[in-house]
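Bear in mind these aren't lab numbers, they're just calculated from the coordinates by the rules spelled out. Quick caveat, the model's predicted, so the values are computed rather than measured. When we count neighbours, we look across all protein chains shown, and the Cβ atoms used for this are built from the backbone with ideal geometry, even at glycine.
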Amino acid sequence: MIPLHFGDIFRYKDKEYVLLVKTEDIWYVAEILDLLLTKQLDNVCNKKIIHNCPITSKSLYCYVVLKTEEFKNRAAYYGQPGKDRLSPIEKLSFSLCIEDKKQIKKDIENSMAVPLGLKEGVKEISF
């Protein structure tokens, strides 16, 4: 098994993911969306914010637009984070930048739309 930690990026079935928290049974991950999906997601969310929709309780808003150079301006979406063990995976040679890691951790801690296991898991992470 390839060792992975919070913020590590891997590929699984032609999609890229960020590892958030890993338990014995569940991997909590964020899917890295392409630029087009990121733009569409941002547009929908911005329209809802303008209309005063509460955002912390909706999984639609569970994303961070990345600053990490290799994925700049792409969203890491963690609105459906729980996955069974993913295998086989290809670990990529880089991880998220510290700014992205801190933002994702902060957003998860403040969200009411993520599973409790994910919230509890990120509490243990320090930088």
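With the crude spin-label approximation of a point 7 Å out along Cα→Cβ, what separation in nm comes out for E124 versus E24?
Result: 1.3 nm between the two label points.
Which value, in Å³ per residue, describes the convex hull spanned by the Cα atoms of region 5-47?
94 Å³
On a straight-distance basis, which aspartates and glutamates could pair with K101 in a cross-link, Cα separation under 15 angstrom, same-chain partners fewer than 8 positions away excluded?
Within the straight-line cut-off, K101 pairs with D8, E31, E69, E70, E109, E124.
From the cross-link list K15/K123; K39/K67; K15/K67; K13/K123, which pairs have alpha carbons spaced over 25 Å apart?
The answer is K15/K123; K13/K123.
What net charge is computed for the residues neighbouring R11, neighbours being all others with C-beta under 9 Å from the C-beta of R11, Lys and Arg scored +1, Asp and Glu -1?
Around R11, the surrounding residues sum to 0.
Hey, fewest Cβ within 10 Å first, where do S93, S111, S59 land in order?
S93, S59, S111
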